[in-house]
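Notes follow once the structure below has been shown.
What follows draws every value from the coordinates through simple rules; no lab data is involved. Since the model is a prediction, treat every value here as computed from it, not as a measurement. Neighbour counts are summed over all protein chains in view; Cβ atoms, including those assigned to glycine, are modelled from backbone coordinates with ideal geometry.
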Amino acid sequence: PPPSSRILSRRHPRTLPVSALFRIPPSKLCGPFRGQSSIWAHIPESIYTLPQTVQDFLFFLGSQAFAVPLLLISSILMAYTLALANSYGRLISELKRQIETEARNKVFLAQRAVALSSARGAL
């Protein structure tokens, strides 16, 4: 075997590389893909049996005219989501700090009230 597959088989001996699944030829005697060169040959044949408008739509989905704007929009949405998550993280940190400050203030005020009440009791 090539060196890369030996390395792969040493690291993960029980797993097959995903690309190997795409190269497995279908059974020649039985099954839905018999007589075809690969299991993927059935997909274009199926698409060509659909109405022309559906074919055009599916081919558009597979074109660069659809893929490039989709990639750009996905990238922008991902950057926006990341920025939003970071701002929420900072907001949560600030709120936690405020809660800790309020807790310290309450403890201080309670100690001060106890000290004042004990000072009044001594008078």
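General observations
- Screening region 44-64 for residues that are exposed (fewer than 10 other Cβ atoms within 10 Å of the Cβ) and among the β-branched types (V, I, T) and picking the one that is farthest from S27 (Cα to Cα) gives T53.
- Filter result for L95 (under 27 Å from the mean Cα position of the chain (by Cα), of a type outside the set (S, T, N, Q), surrounded by 10 or more Cβ atoms within 10 Å (Cβ to Cβ) and assigned to a helix (DSSP H, G or I)): no
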